[in-house]
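Some notes on the structure that comes next.
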Amino acid sequence: MATDYIVGIDLGTTNSLVAFMQGESPVVIPGEDGLNLVPSVVALDANNQPVIGNAARNALIATPERAVYSIKRLMGRGVDDVQEELKFFPFRLAEDLQPGEVLRIRLGDKTFTPPEISALILRQLKRNAERFFGASVTKAVITVPAYFNDAQRQATKDAGRIAGLEVLRLVNEPTAASLAYGLDQKQNGIVAVYDLGGGTFDISILKLHDGIFEVISTNGDTHLGGDDIDNLLITIALDDIQGDLGIDLRRNAEAVQAIRKAVIEAKIALSSQPSAKLEVELPGGKHYLREITREQFEQLIQPVIDRTVGPCKQALKDAGLKPEQIDEVVLVGGSTRIPKVRALVKDLFHREPHTDLNPDEVVALGAAVQANILGGGSVATENMLLLDVTPLSLGIEVAGGVTDKIILRNSTIPASATQFYTTQVDGQANVAIHVLQGERELAKDCRSLARFDLKGIPPMAAGMARIEVKFLIDANGILHVSAREQRSGKEAEIQVQPSYGLTDEQVEGMILDSFDSAEEDFRQRQVIEARNEAETILTALEKAKKNAAWGHLTTDEKKKIAKFEKGLRSVQEEDDYQAIRKAIEVLNQGTTRLAELMMDSAVSTVLKGKTMDEADMGEGPTAPHPVAKAEFE
Amino acid sequence: MTNSSLTTISAKPAPEETQTCWSCGTMRAVHFCEACGKVQPPAPVDYFAFFGLARKLNIDVKALDKDFYELSRKLHPDLNARAGSEEQEWSLQQSSRLNDAHRTLKDPIRRTEYLLKLEGVELEEQSKSATEQARASGQVKKQIVPPDLLEEVFELNMQLEELRMQKKMGEDDPALIEEVGRQKLELEEKHDELLQELHGYWKDWDALIERERSAQPQAEPERQHALNKMVDVLNRRNYIRNLVRDVSEALEQ
């Protein structure tokens with residue numbers, strides 16, 4: 001049996017990584033470009049082919065309407081709750097979105113749901129791993145922010161399925177980080193993981209004892225991270241430019257992306273330098289230049305990083321611990337490189353944080369450790385077991401629009417709760433249940449997860465039915481519901497309407513769609529390329545007919561060439577790229593002697609003192625070179 | 001309380017049942033097979049029985065934790081990820097049951113409430129429906145104030161109201177804050193006293209269970225008495241806990 005590789009994937013807001021357990025230690029698998037980080041950016045190229053990662057990053061500035069970043073912010077969310085994001089992120093929603101429908105993002109003239117875009121990133125990571133192993137990879141552990149709710153988790157799992165990956169487990173990012181940390185340090189004690197990434201913040205407090213990684217409490221904010229810092233700086237630059245130059249660039253996507261790139265570079269520089277220059281070339285040839293000192297930067301970001309304080313205090317309170325009782329604080333996520341963030345953590349936990357681990361890679365490495373455990377373990381992971389918790393309370397709506405909590409936050413998962421329902425009127429066949437997630441008292445303030453319709457309740461007098469409904473949160477933090485009418489013993493049918501998310505059928509359709517369209521896209525690209533090639537060779541032939549060499553051909557040769565030319569022209573506009581290629585091949589062979597004669601004449605021209613460039617070789621595409629040309633304009 | 005719930009108590013907690021493993025056929029422990037390690041189908045037992053415990057309220061929490069970790073190493077889905085789909089389902093069911101049982105039994109209040117529920121006392125339901133009704137009608141929920149606290153609570157609520165008003169106006173009355181803080185400490189002491197009282201009834205209850213186990217005649221009035229006492233203590237304790245929460249919130253605002 002071939003080795004079944006299970007990889008660990010960190011599907012990040014800004015960057016994504018894939019790792020696996022090599023022998024007894026986890027390692028990151030680099031991409032074709034040799035880099036470990038794959039930017040979580042997806043773009044469509046000129047042929048509508050998806051480009052992912054570093055290649056797509058350039059498209060953010062060149063063709064912003066065909067690119068998307070930070071898609072993780074939209075996972076598992078509805079139109080209503082992304083309005084705030086839309087003010088700061090250039091997400092272009094599809095115009096024909098229906099209320100209650102899963103979001104769709106426009107890239108060029110196509111639309112994609114957030115899970116489909118995430119799936120493209122996952123597929124890239126899958127390919128990187130397959131290239132590395134030289135074997136197919138179909139199983140993965142994917143990390144999610146600990147504070148992700150059910151819908152966000154489900155959306156991530158869907159993305160895996162669309163990418164052709166069986167998601168064996170969703171692991172919380174800080175918990176994954178603790179696995180990598182624990183494997184490295186092999187110490188018992190209480191550890192706090194402070195994870196401030198590109199778009200999300202998590203704090204988890206764990207007890208490490210004899211290989212068991214037990215999460216005691218977790219808290220966070222799924223919309224807080226480096227992105228928010230970038231947006232502050234971008235706003236300042238845009239205001240500056242409008243004030244000084246009187247141009248409003250807010251609607252100029254290219255310019256905003258150029259500013260964003262400069263801002264990120266400045267932000268990174270400020271972690272190691274006392275000041276940084278923010279320099280952007282603006283449309284119209286003007287330059288925007290601004291010096292930012294670290295002091296100014298720290299003042300600016302204070303409100304953003306202060307938002308991590310509340311969740312930290314709540315997590316400590318829920319764990320019943322004082323800061324002094326924490327043995328180690330582990331920093332995760334690129335934003336923890338900011339000195340001010342480190343100072344804040346030190347202040348909160350009264351100790352220097354542990355910074356030995358690479359904050360960009362530790363989550364992926366931990367995912368690889370978990371993948372290894374699921375795969376049966378090894379010497380290094382023997383005895384290791386993760387006991388995680390659900391970050392949010394699970395509730396159901398009861399009379400008066402009140403949330404009745406049935407599984408409290410920070411309960412170890414898997415966890416379950418059983419509720420009993422009855423009917424209100426004689427012969428009632430259906431009972432509706434509204435499931436919620438969150439800490440608030442009123443249902444309207446909690447996250448709506450789904451509405452369940454219990455159907456097929458046998459006819460009985462009102463109040464006689466006794467329907468047992470079991471709610472189970474699995475080890476991925478995802479809810480399952482089953483129901484049974486106790487008096488009849490009949491399994492009640494449950495119809496689920498996820499409040500935010502794709503149905504099983506939709507996901508299924510997307511898997512097929514992506515395969516179908518991949519094939520169709522491939523075929524179309526082949527046709528376009530073949531036509532282009534045909535055009536090139538026909539143009540070259542026209543030119544060659546004016547060359548002196550043409551005169552040296554026999555009438556027979558000329559007739560043959562004319563026949564092949566006619567053959568190619570007749571199929572050139574067909575959709576059959578193989579036929580076009582065949583005709584090109586034939587014409588190519590038929591003109592070999594012509595090419596040789598032209599080569600001879602070109603060489604003799606050189607001998608007469610002309611350069612090769614001036615001599616018309618009569619072959620090869622004369623593709624325009626827009627990039628090089630632009631420099632002269 | 002109905003008779004049917006009484007009969008369930010006299011049934012002995014499920015001991016280490018002698019059944020055979022579905023996979024290897026050897027004798028096994030309740031939740032997994034000692035010989036081959038396979039997870040077994042879940043049995044419909046209560047949380048006490050899940051841990052092989054009698055329905056007693058004094059529990060050695062350290063021993064409970066130890067059992068919890070040991071069982072986790074057998075039942076957790078992560079360690080059964082390569083099993084067949086049916087066994088994976090059992091692992092999920094067993095593991096969630098284990099976590100639910102551990103979470104309930106390790107906490108003294110939840111443990112007591114769970115026992116009362118097993119004994120057919122609908123403790124929570126009453127207060128919950130009262131809360132809902134109050135909310136639906138837009139009224140402040142009426143809680144039964146323990147008589148011995150009546151005067152004190154009245155006074156405290158006045159002070160809390162004043163404190164909230166002051167905070168809203170941005171004023172600060174150190175004397176009032178100190179007074180409310182002192183009352184909070186008193187309430188917390190009272191809370192601890194109630195827990196002590198509860199522990200006393202645990203003892204009574206456990207002694208009754210012990211008597212039953214040694215096949216002595218059942219003492220129904222005594223059982224009922226112990227249960228009623230526990231309900232009463234829990235109600236008062238919940239009331240005090242809510243008060244402490246209100247006071248803390250008012251002070252922190």
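Throughout, read-outs are computed from the coordinates displayed, never taken from laboratory work. As the structure is a prediction and not an experimental result, all values here were calculated from the model. So basically every Cβ, Gly included, is an ideal-geometry build from the backbone, and we count neighbours across all protein chains shown.
With the simple model of a label 7 Å out from the Cα in the direction of the Cβ, B:Arg211 to A:Glu382 spans 5.3 nm. By the Cβ rule of 4.7 Å, the protein assembly as shown holds the following cysteines without a possible disulfide partner: A:Cys312, A:Cys446. Rounded to whole numbers, the Karplus 3J(HN,Hα) couplings from phi for segment B:60-68 are 7, 5, 4, 5, 4, 4, 4, 4, 4 Hz, using 6.51 cos²θ - 1.76 cosθ + 1.60 with θ = phi - 60°, and x at Gly and Pro. Subtracting the Cα-Cα distance of A:Asp184 and A:Gln589 from 0.36 nm times their residue separation leaves 139.5 nm of extension gain. Exposure here means at most 10 other Cβ atoms within 10 Å; with trypsin sites (Lys or Arg not before Pro) in a DSSP loop as sites, the longest stretch of chain A lacking them is A:252-545.
In this calculation the C-beta distance from B:Leu195 to A:Ala432 is compared with R0 = 35 Å, giving a FRET efficiency of 0.30. Based on DSSP H segments of at least four residues, each scored -39500 (n - 2.57), chain A has a per-residue ellipticity at 222 nm of -12500 deg cm²/dmol. Working from label points 7 Å from Cα in the Cα-to-Cβ sense, the A:His350 to A:Ser25 distance is 3.5 nm. Taking 8 Å as the Cα distance limit and 6 or more residues as the minimum spacing, I'd like the relative contact order of segment A:1-114 as a percentage. Result for segment A:1-114 is 17 percent. In order along segment A:54-65, phi translates into HN-Hα couplings of 4, 4, 6, 4, 5, 5, 4, 8, 6, 10, x, 6 Hz, rounded to whole numbers, per the Karplus curve 6.51 cos²θ - 1.76 cosθ + 1.60 with θ = phi - 60° and x for Gly and Pro. Residues B:Cys24, A:Cys312, ranked from the fewest to the most other C-beta atoms within 10 Å, line up as B:Cys24, A:Cys312. Take each residue in A:374-386, count the other chain C-beta atoms within 10 Å of its C-beta, and the mean is 2. Taking amide hydrogens as placed 1.01 Å from N in the peptide plane, the amide H of A:Leu386 sits under 5 Å from those of A:Phe213, each at least 5 positions away in sequence or on another chain.
The phi torsions of segment A:365-379, fed into the Karplus equation with coefficients 6.51, -1.76 and 1.60 and a -60° offset, translate into couplings of 4, x, 4, 5, 4, 5, 4, 5, 4, 5, x, x, x, 8, 4 Hz, rounded to whole numbers, with Gly and Pro shown as x. Residue pairs exceeding 29 angstrom between C-alpha atoms, taken from A:Lys444/B:Lys168; A:Lys207/B:Lys203; A:Lys405/B:Lys117: A:Lys207/B:Lys203.
Take the Cβ atoms of A:Arg451 and A:Gln83, set R0 to 30 Å, and the FRET efficiency comes out at 0.85.
With contacts taken as Cα pairs under 8 Å and at least 6 residues apart, chain A reaches a relative contact order of 12 percent. Amide hydrogen proximity for A:Leu93: with H placed 1.01 Å from N in the peptide plane, the residues at 5 or more positions away or on another chain lying under 5 Å are A:Arg106. By the count of other C-beta atoms within 10 Å, a proxy for reagent exposure, B:Asp172, A:Asp202 are ordered fewest to most as B:Asp172, A:Asp202. FRET efficiency for the A:Phe420 to B:Cys24 pair, using the beta carbon distance and R₀ = 56 Å, is estimated at 0.90. Only Lys, Arg, Asp and Glu carry charge here, each on its Cβ (+1 for the first two, -1 for the last two); on that basis segment A:226-305 has a dipole of about 120 debye about its Cα centre.
Putting +1 on Lys and Arg Cβ atoms and -1 on Asp and Glu Cβ atoms, find which of A:Gly285, A:Leu479, A:Thr403 reaches farthest to the positive end of the dipole of chain A. Value: A:Gly285. Taking one quarter of the surface of the C-alpha convex hull of segment A:264-337 gives a mean projected area of 6.8 nm². By the count of other C-beta atoms within 10 Å, a proxy for reagent exposure, A:His354, B:His31, A:His552 are ordered fewest to most as A:His552, A:His354, B:His31. Counting only other chain Cβ atoms within 10 Å of each residue's Cβ, the peptide A:400-408 averages 3. Compute the label zone of A:Leu300 within segment A:248-280: residues whose backbone N is under 16 Å from the point 7 Å along Cα-to-Cβ. Output list for this probe position: A:256-280.
Computed over segment A:111-245, the quotient of the alpha carbon radius of gyration and 2.2 N^0.38 Å is 1.31. Using C-alpha pairs below 8 Å separated by at least 6 residues, the relative contact order for segment B:145-252 is 39 percent. Between A:Glu542 and A:Lys444, the contour length at 0.36 nm per residue exceeds the alpha carbon distance by 28.0 nm. Placing unit charges on the Cβ atoms of the charged side chains and taking the dipole of segment B:42-122 about its Cα centre, the candidate lying farthest along the positive direction among B:Ser95, B:Phe48, B:Ala83 is B:Phe48. Taking label points 7 Å from Cα along the Cα-to-Cβ direction, B:Ile109 and A:Lys470 give a separation of 2.9 nm.
A simple charge model with +1 on the Cβ of Lys and Arg, -1 on the Cβ of Asp and Glu and nothing else charged puts the dipole of chain A at about 320 debye relative to its Cα centre.
Taking amide H atoms as placed 1.01 Å from N in the peptide plane, the amide H of A:Leu282 lies under 5 Å from those of A:His287, A:Tyr288, each 5 or more residues away in sequence or on another chain. Full extension of the chain between A:Lys563 and A:Arg487 gives 18.9 nm of extra length, using 0.36 nm per residue less the Cα-Cα distance.
Per-residue mean of foreign Cβ neighbours for A:472-478 is 3 (Cβ atoms of other chains, 10 Å radius).
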